[in-house]
Amino acid sequence: MKLIFCSLSSGSDGNCYYLGNEFHGILIDAGISSTSIRKFLKNMDIPMEKIMGVLITHNHSDHIKGLELLTRKNTLPAFTTAKIWESILTPYRKISNDCIRKISLKQKFHLAGFDIESFPVSHDATETIGFHICAGDKKITIVTDLGHICQTAATYIKAANFLVIESNYDEEMLVNGNYPPYLKERILSDHGHLGNKQTASFLAGIINDNLSNICLAHLSKNNNSPELVFKTLKKTFLERGIILKSHQKITILNRNIPTDIISLN
Ligand SMILES: [Zn+2]
Ligand SMILES: [Zn+2]
């Protein structure tokens, strides 16, 4: 099965990811305008008709901004838990009932040729989930907003061949920057976001030969840079004696523009 992944946008301005095979595709989050989603997919020669549904991680606007129009214009089904739907439907009432698909945590469902499972992660929304997606012998885990990696999330991350994980902020930039104290506290907390050191150290502990692609996602505009993410990861891996094999690739996802298409084969 030919498999591709593309990040259309990643970060606090908006998140949207595409995963597809030769026949169908799915989106993970719709945190940019539906016009941008359609435009970016068109630029990559991915017809909208290929999209079979959108998976939603949580109700923060950088993950659902484009959901209402996207589902309305394309009568696209959207999948998330009943609890997250409840939190979305209060401010976004125009989402048609026909598009609402309720899923249960840790229960597999089938969509577009993928077997998909959701699992809870620690973040300050009503509920936040990550996704573990099986496509043939490939296993993809996507976790973009989480303050710390609990045992459950770690299990799904460790099972992945292809991992999208947050590396949100550089600890020094955040602590010394001009965000108000309550916001710093929120981001640093177990229900906030993962910092570069946290992500790098976790990855150093779990990396194995089966993990061939790591995409570092959801970088902060004000408290991070791709250079700092790389530098922290390189330093941590060096200290822990980890040398990447030739098949193992690290990609830092762009904040507001699509990242080059990544082949999972
Ligand atoms: Zn977010
Ligand atoms: Zn969030």
Worksheet item: How much net charge surrounds residue 207 when only other residues with a Cβ under 14 Å from its Cβ are counted (Lys, Arg +1; Asp, Glu -1)?
Response: +3
Practice prompt. Please give the net charge around residue 219, taking every other residue with its beta carbon less than 9 angstrom from that of residue 219, where Lys and Arg add +1 and Asp and Glu add -1.
Written response: +1
Practice prompt. At a Cα cut-off below 19 Å, give the aspartates and glutamates reachable from residue 245, other chains included and same-chain residues fewer than 8 away excluded.
Written response: 209
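In whole percent, what relative contact order does the range 29-166 give with Cα contacts below 8 Å and a gap of six or more residues? Don't skip to the answer; put the middle values down first.
Details: 249 pairs, mean separation 24.0, N = 138.
After rounding, I find 17 percent.
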Worksheet item: Comparing 43, 224, 196, which has the greatest mean-square fluctuation in the GNM of the chain with Cα pairs linked when under 10 Å apart?
Response: 43
Practice prompt. Sequence neighbours fewer than 8 away in the same chain don't count; with that in mind, list the lysines whose C-alpha is under 27 Å from residue 221.
Written response: 39, 42, 65, 184, 197, 231, 234, 235, 249
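What ranking do 179, 18 get, fewest neighbouring Cβ atoms within 10 angstrom at the top?
Values: 179 18, 18 22.
Ranked by crowding around the Cβ, least crowded first: 179, 18.
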Item to complete: Write down, largest first, the equivalent ellipsoid semi-axes of the range 4-263 in whole Å, where each equals the square root of 5 times an eigenvalue of the alpha-carbon gyration tensor.
Response: 27, 21, 17
Item to complete: Identify, among 146, 206, 52, the residue whose Cα sits farthest towards the positive end of the charge dipole of the range 4-263, taking +1 on the Cβ of Lys and Arg and -1 on the Cβ of Asp and Glu, with the dipole about the Cα centre.
Response: 52
Discussion item. If amide hydrogens are placed 1.01 Å from N in the peptide plane, which non-local residues have theirs closer than 5 Å to the one on residue 51?
Written reply: 25
Item to complete: Please tell me the relative contact order of the chain in percent, rounded to the nearest whole number, where contacts are Cα pairs under 8 Å and at least six residues apart.
Response: 20 percent
Worksheet entry | Fluctuation leader among 45, 190, 62 - the chain, Gaussian network, Cα springs under 10 angstrom | 45
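Throughout, read-outs are computed from the coordinates displayed, never taken from laboratory work. Not measured: the values here are computed from a predicted model. Every residue, glycine among them, receives a Cβ derived from its backbone with ideal geometry; neighbour counts consider all protein chains shown.
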